[in-house]
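Visitor: Dropping a structure here in structure tokens format, bear with me for questions.
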Amino acid sequence: MSDQLDGVTWFGGSSVRIRRPGLEIHVDPLHIKEGSRADFILLTHPHYDNFSEDDIARVCGPSTVIIAPATMKKQLEEVDHFMRPGDMLQLDGIDVLAVPAHNVGKRFHTASDGWLGYVFSVSDATFYHAGDTDFLDSMNEIRCDIAFLPCGGHYTMGVEDAAKAAEVCGAETMVPIHWGEPHGDLEEVERLKDLFSGTLRILDRMS
């Protein structure tokens, strides 16, 4: 069986690209320095280290489909689909479920902001990109093969809650994101090897 992380690139922060034959998906494109042309762009929220209009324009083509939180209408005019937590889309090549992403007891990302993570399925796998969030009880309802989870521990959850999130959503593979910039170093992230019962894949940052 092929590696489900073939064609997956982490550009730092929450920026992830997934390439499959005939399909390219970007979540929060940022620091894209190589040729890319997105079929789908999924945006989680409008903070400067997640939302780059220059990078969106860089990877956008005439047929690119952009998906964003409904609360980002002020920042974006030409968006194909605005979503709220719980909304679902079935599109050609991808199914998308919008899920909550927010802090608990911190004010960086609040529930009232309506910002998002995404569960999306392509032909060979279901991915969960959590966005910038703490552990939420709603993660118990998510099912995925691969989970991209923030674990910096300041603006988002730390490694203990990231491991818990990966467990409860049934992920076979966890990919840590949003670490080392500046919160959470490699030594801390490597603790996930002991905290998560599935496969841990620490990707090299491409930016």
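The values are calculated or read from the model by the stated rules, or taken from the named source; none is laboratory data. All of these numbers come straight from a predicted model, not from anything done at the bench. When we count neighbours, we look across all protein chains shown, and the Cβ atoms used for this are built from the backbone with ideal geometry, even at glycine.
Visitor: Suppose we filter segment 178-207 for residues that are closer than 16 Å to Ala147 by Cβ, touching a residue at least 24 places away in the same chain (Cβ under 8 Å) and of a type in the set (Lys, Arg); how many remain?
Guide: Final tally of qualifying residues: 1.
Visitor: Could you say which residue among Ser121, Ser197 is of a type in the set (Gly, Ala, Ser) and either assigned to a helix (DSSP H, G or I) or under 27 Å from Gly93 (Cβ atoms) (or both)?
Guide: It is Ser121.
Visitor: If you go through segment 90-118 one residue at a time, how many are of a type in the set (A, V, I, L, M) and not in a strand (DSSP E or B)? Write out each step before concluding.
Guide: Our first condition is that a residue be of a type in the set (A, V, I, L, M); within segment 90-118, this holds for 91, 94, 96-99, 101, 104, 111, 116.
Checking the rest, the ones that are also not in a strand (DSSP E or B) come to 101, 104, 111.
Of the residues in that region, 3 qualify.
Visitor: Moving to a separate point now. Filter segment 25-38 for residues that are surrounded by fewer than 20 Cβ atoms within 10 Å (Cβ to Cβ) and not polar (S, T, N, Q); which is modelled with the highest pLDDT?
Guide: Ranking the candidates gives Arg37 first.
Visitor: Something else about it: Can you tell me which of (1) within 28 Å of Leu186 (Cα to Cα); (2) free of Cβ contacts under 8 Å to residues at least 24 places away in the same chain; (3) surrounded by fewer than 20 Cβ atoms within 10 Å (Cβ to Cβ); (4) touching a strand residue (DSSP E or B) at 6+ places or on another chain (Cβ under 8 Å) is the one Leu89 doesn't meet?
Guide: (1)
Visitor: Would you mention how many residues in segment 48-62 are surrounded by fewer than 16 Cβ atoms within 10 Å (Cβ to Cβ) and either within 20 Å of Phe108 (Cβ to Cβ) or touching an Asp or Glu at 6+ places or on another chain (Cβ under 7 Å) (or both)?
Guide: Within segment 48-62, residues that are surrounded by fewer than 16 Cβ atoms within 10 Å (Cβ to Cβ) and either within 20 Å of Phe108 (Cβ to Cβ) or touching an Asp or Glu at 6+ places or on another chain (Cβ under 7 Å) (or both) number 1.
Visitor: Of the conditions (1) surrounded by 15 or more Cβ atoms within 10 Å (Cβ to Cβ); (2) farther than 21 Å from His31 by Cα, Glu190 satisfies every one except a single condition; which number is it?
Guide: Every condition holds for Glu190 apart from (1).
Visitor: Just the residues that are of a type in the set (Val, Ile, Thr) and over 24 Å from His183 (Cβ atoms), please, taken from segment 1-38.
Guide: Ile18, Ile25
Visitor: Then there's this: How about segment 1-49: which strands (runs of 3 or more DSSP E) wholly inside it have at least 2 residues that are of a type in the set (Val, Ile, Thr)?
Guide: Qualifying strands (runs of 3 or more DSSP E): 8-10, 16-20, 23-27.
Visitor: Just give me the residues in segment 57-71 being among the aliphatic types (A, V, I, L, M) and modelled with pLDDT under 95, in sequence order. Let's see the steps before the verdict.
Guide: Restricting attention to segment 57-71, the residues satisfying the condition of being among the aliphatic types (A, V, I, L, M) are 57, 59, 65-68, 70.
Result: Ala57, single match.
Visitor: In segment 123-138, how many are more than 12 Å from Pro85 (Cβ to Cβ) and surrounded by 16 or more Cβ atoms within 10 Å (Cβ to Cβ)?
Guide: Within segment 123-138, residues that are more than 12 Å from Pro85 (Cβ to Cβ) and surrounded by 16 or more Cβ atoms within 10 Å (Cβ to Cβ) number 9.
Visitor: Exactly one of these conditions fails for Thr110: (1) over 18 Å from Ser14 (Cα atoms); (2) exposed (fewer than 13 other Cβ atoms within 10 Å of the Cβ). Give me its number.
Guide: Condition not satisfied by Thr110: (1).
Visitor: Which of the residues belonging to segment 156-171 are surrounded by fewer than 16 Cβ atoms within 10 Å (Cβ to Cβ) and either over 21 Å from Phe127 (Cβ atoms) or in contact with a strand residue (DSSP E or B) (Cβ under 6 Å, 6 or more places away or on another chain) (or both)?
Guide: Glu160
Visitor: Okay, next question. Looking at Leu89, is it within 12 Å of the chain's Cα centre (by Cα) and at pLDDT 95 or above?
Guide: Against the criterion (within 12 Å of the chain's Cα centre (by Cα) and at pLDDT 95 or above), Leu89 does not qualify.
Visitor: Could you figure out which of (1) among the β-branched types (Val, Ile, Thr); (2) touching a helix residue (DSSP H, G or I) at 6+ places or on another chain (Cβ under 8 Å); (3) part of a strand (DSSP E or B) isn't true of Ile202?
Guide: Among (1) among the β-branched types (Val, Ile, Thr); (2) touching a helix residue (DSSP H, G or I) at 6+ places or on another chain (Cβ under 8 Å); (3) part of a strand (DSSP E or B), Ile202 violates only (3).
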